[in-house]
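Scroll down for the structure; my scribbles are underneath it.
Since every read-out is calculated from the coordinates, none of them should be taken as a lab result. Since we're looking at a predicted model, the values are computed, not measured. Here the Cβ is made from the backbone with ideal geometry for all residues, glycine too, and neighbour counts use every protein chain on show.
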There are 2 protein chains.
Amino acid sequence: MPKTAGIILIGNEILSGKIADANAAYLCRALRALGVDVRRISVIPDEVETIAAEIAAHSRDHDVVFSSGGVGPTHDDVTIEGAARALGVAVVRHPALVALLSQYYGDKLTDAHLKMAEVPEGAELIGGESLRFPTILMRNVYILPGVPEIFRQKFEAIRERFRDQPFHLKNVFVRLAEGSLADYLNGLLRDFPALLLGSYPEFSNPEYRVKVTLESRDPTYLEEALDALLARLPGDAVVKVT
Amino acid sequence: MPKTAGIILIGNEILSGKIADANAAYLCRALRALGVDVRRISVIPDEVETIAAEIAAHSRDHDVVFSSGGVGPTHDDVTIEGAARALGVAVVRHPALVALLSQYYGDKLTDAHLKMAEVPEGAELIGGESLRFPTILMRNVYILPGVPEIFRQKFEAIRERFRDQPFHLKNVFVRLAEGSLADYLNGLLRDFPALLLGSYPEFSNPEYRVKVTLESRDPTYLEEALDALLARLPGDAVVKVT
């Protein structure tokens, strides 16, 4: 069975419109390229109980879960506490993280800095070979920071552990409007029920009116479905196939 | 009580990384400016049961709910069916929408087009005075299309119905790192427990290290909290206040 994933973005700054998240779109693209099926993204506030409930649900429903944000030294960084509560364990300081922080801050180390050594009890540290600071993995939940540069660095350091059977994709750009196209797509799905078929109208592009996406993990099935669609569509309907 | 809102983005194309959503960030900014508190964003696939469960939960948990995507004439447009199932009603063709579509498509009208006349039974049509096509409102759920231009037009046409007591915001940009700042923020929250206080590190900006956001619906409370923070911070820590 291919892997499923959930993504949890934690941060009042997203919900209140102060920043536009970039991590979810990045991670969706990266996971798709690896063959992982992202099933849900949740954006929730910096509140321990809400985080705990969300992590518990995502951890139960998906093979792997990624959280973004809420890790750091200030009052609004409560993701670790939420994760610990979700999984029914205590928050503890991890000796390896204490050592890293002591080394980095020297005699300027504060209690606030040491908050960044906290992990849910039993958590693993991974990906630390190539980065200054490792990623916290608790059961199937990867806890990542919200700052986009660091989020990406940390994910890149562990990405190969998620590689799965890839998706294959074909895009068919057509001149037909969706209203006329619908019957062709419904017909195609009757013959290829396992096809992942998307239809995306484009109102501002003069070249085509709809982008149709065909996807499958089975390249032969995909090619057969593509051939069937092209054979059925009116000859002048197809602008290009990519 | 000020209004709370939930946002549901419906679309495999977002989860599979084919497009980066722009509607949630737009809507979060717009609702915040109106004084509405967005509590959750969910991104889910084009699947009737998942949509139904999500709409039911959001409708119960928030004052108003906005869905984006999954409305249109093709097989993957199943938001209306999900909304109807969530609220325990049938899907019916709305006579006013049938009339609009008949007028627009004339004798080219197809069954696929008529799918766009479908609504959950009992739904209202709103905002149609200024737009060609009104928005479907079912109980507290506003059903909007995913195409960003149309999403915005439709929201703009109904935005005034959501106006509430506004949030007031001050940004304090500081040279301190979060580890040193944490104690000041914790102290501030002890004295101003109702303050909405955020702390956002910026690693690539040479001017400041952290943006601190202070928010309240009460402008006097906000000014008092701001004064208290500025009085406590070291004199050279503050870069600017906006």
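A few remarks follow.
- Two-decimal log10 I(q)/I(0) for chain B, as the Debye equation yields it once each C-alpha is a single scatterer, q = 0.11, 0.15, 0.16 Å⁻¹: -0.69, -1.00, -1.08
- Choice from A:Glu81, A:Glu178, A:Glu124 showing the highest fluctuation, given a GNM over chain A with Cα pairs closer than 10 Å: A:Glu178
- Phi angles across the stretch A:39-46 convert, under the Karplus curve 6.51 cos²θ - 1.76 cosθ + 1.60 with θ = phi - 60°, into 3J(HN,Hα) values of 9, 6, 10, 10, 10, 9, x, 6 Hz, Gly and Pro given as x.
- Within the protein assembly as shown, percent of DSSP bridges classed antiparallel, to nearest 5: 60
- Taking amide H as placed 1.01 Å from N in the peptide plane, the amide H of A:Gly146 sits under 5 Å from that of A:Gly69, A:Gly70, A:Val71, each at least 5 places away or on another chain.
- Between this copy and the others, label points of B:Asn140 are 3.2 nm apart in ascending order, each placed 7 angstrom from Cα in the Cβ direction.
- On the beta carbon distance between B:Val92 and A:Arg29, with R0 = 41 Å, the FRET formula returns roughly 0.60.
- For the stretch A:187-219, backbone nitrogen atoms closer than 16 Å to the point 7 Å from A:Asp227 Cα along Cα-to-C-beta are found at A:191-192, A:218-219.
- Placing +1 on the Cβ of every Lys and Arg and -1 on the Cβ of every Asp and Glu, with nothing else charged, gives the stretch A:4-162 a dipole about its Cα centre of roughly 420 debye.
- Average partner coverage of A:33-41, which counts Cβ from other chains inside 10 Å: 4
- Calculated label separations, B:Glu207, copies of the chain, 7 Å along the beta-carbon direction, nm: 3.9
- Most to least packed among A:136-145, B:125-134 [average Cβ atoms within 10 Å]: A:136-145, B:125-134
- A Förster radius of 41 Å, combined with the Cβ-Cβ distance separating A:Arg217 from B:Ser102, puts the computed FRET efficiency at roughly 0.45.
- Adding -39500 (n - 2.57) for every DSSP H run of four residues or longer, then dividing by how many residues chain A holds, sets the calculated 222 nm ellipticity at -11500 deg cm²/dmol.
- Listed cross-link partners B:Lys108/B:Lys154; B:Lys170/B:Lys240; A:Lys170/A:Lys240; B:Lys211/B:Lys240; B:Lys18/B:Lys115 are compared with a 19 Å cut-off, the Cα-Cα value being larger for B:Lys108/B:Lys154; B:Lys18/B:Lys115.
- For B:Leu169 and B:Ala53, the difference between the fully extended length at 0.36 nm per residue and the C-alpha to C-alpha distance is 38.3 nm.
- Under 5 Å between amide hydrogens, built in the peptide plane, is the criterion, and for A:Ser199 it picks out A:Thr213 among residues at least 5 positions away or on other chains.
- Share antiparallel - DSSP beta bridges, the stretch B:4-162, percent rounded to 5: 35
- Per residue of peptide A:168-180, the mean number of Cβ atoms on other chains within 10 Å of the residue Cβ is 3.
- Per-residue ³J(HN,Hα) for the stretch A:19-29, Karplus 6.51 cos²θ - 1.76 cosθ + 1.60, θ = phi - 60°, Hz, x for Gly and Pro: 10, 9, 4, 10, 6, 5, 5, 4, 5, 4, 4
- Averaged over the residues of peptide B:71-80, the number of Cβ atoms from other protein chains lying within 10 Å of each residue's Cβ is 5.
- Derived scalar couplings ³J(HN,Hα) [the stretch A:138-148; Karplus, 6.51 cos²θ - 1.76 cosθ + 1.60; whole Hz; x for Gly, Pro]: 10, 6, 9, 10, 9, 9, 10, x, x, 5, x
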